[in-house]
Structure formats: structure tokens, C-alpha cells
Amino acid sequence: MSKELPFYVLCIEEYKNQKNLSGREVMDLFMKYSVLDYIKSFYEVLHTTGSKYIVDDIDLYIKSRQSV
């Protein structure tokens with residue numbers, strides 16, 4: 001198992017809970033905007049931050065991808 005896998009689960013669960021979404025809705029959103037690739041690329045920084053920061057950062061990333 002990769003070191004990132006438990007962190008992916010944490011990010012998905014935190015995003016789901018803070019945004020009041022279902023797991024399927026979060027996964028669809030994350031797949032559409034390649035959020036897991038983003039999380040993997042910035043794992044070393046993101047895993048040292050709090051859950052609110054992570055969710056806010058994911059939101060910023062998704063918004064930046066929506067305008068592309």
C-alpha cells in the first residue's frame with residue numbers, strides 16, 4: 001500500500017463531510033478534475049496541514065481547473 005492511500009481517504013472523507021456531499025459525488029468531482037493526481041503531487045506539503053486547509057486548497061484547485 002502506498003503512503004498516499006490513507007491520505008487520499010482522509011481527503012475524500014473530509015471533503016465529503018465539509019461539503020455535505022455523498023462519496024459518489026466527491027469521487028465524480030475528484031475524477032473529473034484529477035484531484036487525486038493533485039493530492040499525490042503535493043502530498044509532502046498537504047499531509048502536514050489541517051483538514052480545513054486541505055478542503056480549501058482542493059476547492060481552489062478545482063476552481064482553477066474549471067476555468068481551463
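Of all the residues in the range 15-60, those that are touching a residue at least 40 places away in the same chain (Cβ under 8 Å) and aromatic (F, W, Y) number 2. If you go through the range 29-46 and keep only what is at negative phi and open to solvent by less than 80 Å² (accessible area, probe 1.4 Å), you end up with L29, F30, Y33, V35, L36, Y38, I39, Y43, L46.
The values are calculated or read from the model by the stated rules, or taken from the named source; none is laboratory data. Here the structure is a predicted model, which means the values were calculated and not measured. Here Cβ is always computed from backbone atoms with ideal geometry, including for glycine, and neighbour counts include all displayed protein chains. For the accessible areas, the whole protein counts, side chains as well, though only heavy atoms, and no ligand, DNA or RNA atoms are used. Shrake-Rupley method; radii C 1.70, N 1.55, O 1.52, S 1.80 Å.
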